[in-house]
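Accompanying notes for the structure given below.
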Amino acid sequence: RSDLVTGVQTCALPILFTQGANMLNPYQSCSLIQSKIITSKLLRQAGIPAPDSWVTNDLSLAKQLLEKHPLIIKPHMGHRGAGVHLCRTPEDIDRIPEPVTPMIIQEAIPGPGEDLKIYVAGEQVHGVQKPFSETSFSVPGRPVPISEEVRQLSLKVGKVCGLGLYGLDIIE
């Protein structure tokens, strides 16, 4: 299986936009990609490998998907792993609090146990690897070389999402 883009992160403050600040990433793009539903759709439409995804606020519907593979269930909006659940059994789904907004359900793709974080600034693309954990977003990683395939995939994500400064997660 080729590289999979599993997340795109960026941040923009609406107040900067409303005050007329110059921003590297257009506010509209930053606003749009805050939704994991929209981002997932954009990536799939552009032919960028990404996990199979579904959207619902009725988590009982996700239980039949467990017959095929484990699932990642997370709020459609959010950052840094907040509210993300790895589900392998129907009981795992039952433990998730009743959602008040749509949830995105994704096929859980097994990885090597380490995150490959890609950071892009314009045409510069850099990789960082670190062990995955619930708090790994706040732990420094070690710089790693990236392949030309990962570089091109990363730049394509920025083009599709309208971003010039961003990060993304990749499972190799």
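All conditions but one from (1) farther than 28 Å from Asn25 by Cα; (2) part of a helix (DSSP H, G or I) apply to Ile96; the one that does not is (2). Among residues that are within 24 Å of Gly47 (Cα to Cα), assigned to a helix (DSSP H, G or I) and modelled with pLDDT of 85 or more, Val125 is not included. What are the pairs, 6+ residues apart or on separate chains, where a residue within region 152-172 that is over 18 Å from Val128 (Cα atoms) and open to solvent by 20 Å² or more (accessible area, probe 1.4 Å) has its Cβ under 6 Å from a residue that is among the hydrophobic types (A, V, I, L, M, F, W, C) and not in a strand (DSSP E or B)? Hits for this filter: Val160/Leu42; Val160/Ala46.
The values are calculated or read from the model by the stated rules, or taken from the named source; none is laboratory data. Bear in mind the structure is a predicted one, so any value in this text is a computation, not a measurement. Counting neighbours? That spans all protein chains shown, and the Cβs are built from the backbone with ideal geometry, glycine included. For accessibility, only protein heavy atoms count, side chains too; no ligands or nucleic acids. Shrake-Rupley method; radii C 1.70, N 1.55, O 1.52, S 1.80 Å.
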